[in-house]
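The structure appears below as structure tokens.
The values are calculated or read from the model by the stated rules, or taken from the named source; none is laboratory data. These figures come from a predicted structure and were not determined experimentally. Glycine also receives a Cβ, built like all others from the backbone with ideal geometry; neighbour counts cover every protein chain displayed.
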Amino acid sequence: MPVQKARLSSSESLPEGSANALLASDLRALRKARGLTLSEVALSLGRSVGWLSQVERGLSTPSITDLRAFAETFGVSLSLFFGHDVHDEDERGVVVRAGHRRSLGTSDSGLVEELLSPDLGGSFEMLRSEFAPGAELKLPASRPTEEAGYVAAGQFDIEIDGVWHHLAEGDSFRFGGKPFRWKNPGEEPAVVIWVISPPVY
């Protein structure tokens with residue numbers, strides 16, 4: 001899904017300590033989710049395999065320029081990499097507060113997503129997806145995942161493997177490895193809590 005590029009200056013600080021370890025985990029998860037090797041990503045970044053390996057193990061911290069290149073390579077918003085700060089260290093990697101969700105960007109298709117999971121290192125990710133009235137994914141998408149969703153608000157239509165399903169608040173769905181597309185037929189935003197395994201962001 002297309003995302004909006006975040007604008008961060010070279011003076012903005014990068015994650016440190018435990019936050020850097022979570023960033024490293026996210027970068028590794030993104031690479032694996034896309035089926036890319038260390039060599040392929042290193043070539044795309046113009047970096048060595050050794051450097052990339054150290055970044056994925058949390059031994060080296062990528063620069064802002066590096067993170068922009070990562071975002072471009074993985075097709076995600078740069079802002080995804082800047083949201084590991086927590087007020088209570090005991091909550092790091094465990095709790096995501098409402099005001100500190102990481103945005104996955106906005107798109108012209110009318111979809112705004114926020115990451116509800118603390119990081120991308122687990123076996124699944126949980127998202128809050130908000131679909132604008134009339135928004136739709138016109139061409140079917142397909143990915144090697146198992147997915148489930150719960151409609152928290154509004155109306156939501158989803159086509160799974162060629163069959164359309166009309167869902168309302170309180171309804172839910174699940175599918176795996178099948179082509180899908182969606183649309184919001186209502187006049188109000190539709191909010192879907194979406195679970196994807198393995199993580200794709």
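Miscellaneous remarks
- Within the stretch 133-151, being hydrophobic (A, V, I, L, M, F, W, C) and crowded, with 16+ Cβ neighbours inside 10 Å holds for ALA135, LEU137, ALA148, VAL151.
- Which listed residue, of LEU111, LEU127, LEU67, LEU78, is hydrophobic (A, V, I, L, M, F, W, C), under 16 Å from ALA29 (Cβ atoms), surrounded by 15 or more Cβ atoms within 10 Å (Cβ to Cβ) and outside the structural domain of PRO179 (by TED's automatic domain parsing): LEU67
- With respect to the stated conditions, SER103 is surrounded by 17 or more Cβ atoms within 10 Å (Cβ to Cβ), hydroxyl-bearing (Ser, Thr, Tyr) and modelled with pLDDT under 95.
- Beta carbons closer than 9 Å, at least 6 apart along the sequence or on distinct chains, pair a first residue in the stretch 161-180 that is in contact (Cβ under 8 Å) with a residue 24 or more places away in the chain and within 11 Å of GLU147 (Cα to Cα) with a second that is among the polar types (S, T, N, Q) and surrounded by 12 or more Cβ atoms within 10 Å (Cβ to Cβ) for GLY176/THR145; GLY176/SER197; GLY177/THR145.
- Positions within the stretch 22-54 being without any contact (Cβ under 8 Å) to a residue 12 or more places away in the chain and β-branched (Val, Ile, Thr), in sequence order: THR37, VAL49
- Of the strands (runs of 3 or more DSSP E) that lie entirely inside the stretch 33-143, those containing 2 or more residues that are touching a strand residue (DSSP E or B) at 6+ places or on another chain (Cβ under 6 Å), of a type outside the set (S, T, N, Q) and closer than 22 Å to SER172 by Cβ span 111-115, 125-131.
- Residue that is farthest from the chain's Cα centre (by Cα) [pool: residues in the stretch 159-201 that are charged (D, E, K, R) and assigned to a strand (DSSP E or B)]: GLU159
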